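Trainee: Let me begin by handing over the structure; questions about it come next.
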Number of protein chains: 2
Amino acid sequence: MLQNIRVVLVNTSHPGNIGGAARAMKNMGLSRLVLVDPQDFPSHEADARASGADDVLAGAQVVATLEDALVGCNLVFGTSARERRIPWPLVDPRECASKVIEHAVQGEEIALVFGREHAGLTNEELQRCHFHVHIPSNPDFSSLNLGAAVQVLAYEVRMAWLALEGQLSKTENTEVAPERSSELATMDEMELFYEHLEKTLVDIGFLDPEKPRHLMPRLRRLYGRSSVNRSEMSILRGILTETQKVARGEPHKRKDQ
Amino acid sequence: MLQNIRVVLVNTSHPGNIGGAARAMKNMGLSRLVLVDPQDFPSHEADARASGADDVLAGAQVVATLEDALVGCNLVFGTSARERRIPWPLVDPRECASKVIEHAVQGEEIALVFGREHAGLTNEELQRCHFHVHIPSNPDFSSLNLGAAVQVLAYEVRMAWLALEGQLSKTENTEVAPERSSELATMDEMELFYEHLEKTLVDIGFLDPEKPRHLMPRLRRLYGRSSVNRSEMSILRGILTETQKVARGEPHKRKDQ
């Protein structure tokens, strides 16, 4: 579905930015690059900045006009740094990505159009777009590097695509192994731990049962919000057991004594 | 509030990337850049790529170690390209940004840490972070340009900030001011705690410095994700101090002995 999305760079002056854009695209799983009248392409600088996204550069289509670049497109977004005199439907990158994916999934062809480094897109070019995309930025320093702008939009497209695929929640969750429910300590294991902790704190003289100072509720709150897993629980219990031995004056394993 | 957020670049080799990062930061309204042992800085290439974000470069703090860069920080995010052997709380850029703003609004200090161009952050550096951030990317081409990675995170931070600002302007300002009573422990306080914990575990014979069994990384992960606040920190430190007294055979306060 991502192959339905083309990135169109209009009249780019610095080839390094073409390379940067290609790298950002490939990082985010996009592959179709269209260059409208680039000032310097192909170029070693583009290759260097692409840093391995050579296939995207090699497959780039070079055309003479924006019109040529948009042949076959169903939906076109044009990046716009500032508000224009002619009001146009304006979206932020997240809204843009959500529309992109919504249409790409239906097999439609989408274009994301980026303008010149200094001058952006002309009014005429912007009027060829269905939507304008504005990347929210510091009003005093609003012009993003071209590669960075491609990165932001491509990133949002990937996030929207992953959300649709349902991959995001699945892959991210499995990576966060300690939060998997099967590995978490159970409630009763946590209770046994708190009991053990309380006894140990009494043993070392830190907790005075007659003046508990809300110590246990505070420690419960701390460990409770950590989602302690089983292997951590066994470390914590081990520490308590050793501490109790020490408090009882039993020989312990310290090597330098 | 955005001034509570520092961007930390570790051991960057290409000065152009420092410039690119500075530009991305300023575009998104961030201004505090910390460079840990940069290989080439200051540099004309950094200035050129900063493209007007000279003030960010001029104000950049250059330090020798990641530890120095994190002094005073309450919450640290480290970018991670791949899964690590020791699983760590992992967030995507959006979740990261939401946590960043949630804490920055309370006046806490936040760091976003980015590793070396080719090697990323070391395991030891990653273990100093509360959370790892992974930018979802093409599994076959996953390594983003450093400036592009900074751009994505800074963009998400700005989006989260704008969303909050939107809420702020809608509701009464006073309603949103959160309590400061549960201020988080800073990174240096956490480091002192880990040092104290490690010594104590050696003292009671639980930790054998010659066979550390990943004990400290595991405990760092556990306490790191709990966002320990200052009053909890003083309880934990108090427990360690008492435990050490007991281990040294000093008289302790246990009443029933």
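Trainee: What would the Debye formula give as log10 I(q)/I(0) at q = 0.15, 0.23, 0.27 Å⁻¹ for the alpha-carbon point model of region A:179-247, no solvent?
Mentor: -0.49, -1.03, -1.25
Trainee: Within region A:42-81, what residues put their amide N at less than 18 Å from the label point 7 Å along the Cα-to-Cβ vector of A:H118?
Mentor: Answer for region A:42-81: A:81.
Trainee: What's the average, rounded to a whole number, of partner chain beta-carbon atoms within 10 Å of each residue's beta-carbon in B:72-81?
Mentor: 0
Trainee: In peptide B:217-229, how many Cβ atoms from other protein chains are near each Cβ within 10 Å, on average?
Mentor: 4
Trainee: Sort all Cα-Cα distances of chain B into consecutive 10 angstrom bins from zero, then give the percent of pairs in each bin up to the one containing the longest distance.
Mentor: Bins of 10 Å from zero give 7, 28, 32, 20, 10, 3, 1, 0 percent of pairs.
Trainee: Test of understanding: given chain B, find the longest segment containing no GluC sites (Glu not before Pro) that are in a DSSP loop and have at most 15 other Cβ atoms within 10 Å.
Mentor: So the longest stretch without any such site is B:84-171.
Trainee: Let me ask something additional. If I stretch the segment between A:S234 and A:Q127 completely, what's the gain in nm (0.36 nm per residue apart, minus their alpha carbon distance), one decimal?
Mentor: Extending this stretch completely gives an extra 32.1 nm.
Trainee: Follow-up. Could you give the spread of the C-alpha atoms of region A:1-132 along their three principal axes, from largest to smallest, in whole angstroms?
Mentor: 40, 32, 24
Trainee: What list of whole percents do you get for P(r) of the protein assembly as shown, with Cα-Cα distances grouped in 10 Å bins up to the one holding the largest distance?
Mentor: P(r) over the protein assembly as shown, rounded to whole percents: 4, 18, 25, 22, 15, 9, 5, 2, 0, 0.
Trainee: Now for a different question. HN-Hα J couplings of region B:126-132 from phi, Karplus 6.51/-1.76/1.60, θ = phi - 60°, integer Hz, Gly and Pro as x?
Mentor: 5, 6, 7, 9, 6, 9, 9
Trainee: What is the dipole size for chain B, taken about its Cα centre, with +1 at each Lys and Arg Cβ and -1 at each Asp and Glu Cβ, in debye to the nearest 20?
Mentor: So the dipole magnitude of chain B works out to roughly 660 debye.
Trainee: Now for a different question. With springs connecting C-alpha atoms under 10 Å apart, model chain A as a Gaussian network and identify which of A:V63, A:V36, A:V71 has the largest mean-square fluctuation.
Mentor: Result: A:V71 has the largest fluctuation of those listed.
Trainee: Fewest first, what order do A:K99, A:K199, A:K211 take by the number of other Cβ atoms within 10 Å?
Mentor: A:K211, A:K199, A:K99
Trainee: Oh, and also: Go ahead and estimate [θ] at 222 nm for the protein assembly as shown from helices alone: -39,500 (n - 2.57) per DSSP H run with n ≥ 4, summed, over the residue count, rounded to 500.
Mentor: It comes out at -14000 deg cm²/dmol, rounded to the nearest 500.
Bear in mind that the values in this text are calculations on the coordinates, not laboratory data. None of the values given here were measured: they were computed from a predicted structure. Don't worry about glycine lacking a Cβ; one is built from the backbone with ideal geometry, like all the others, and counts go over all protein chains shown.
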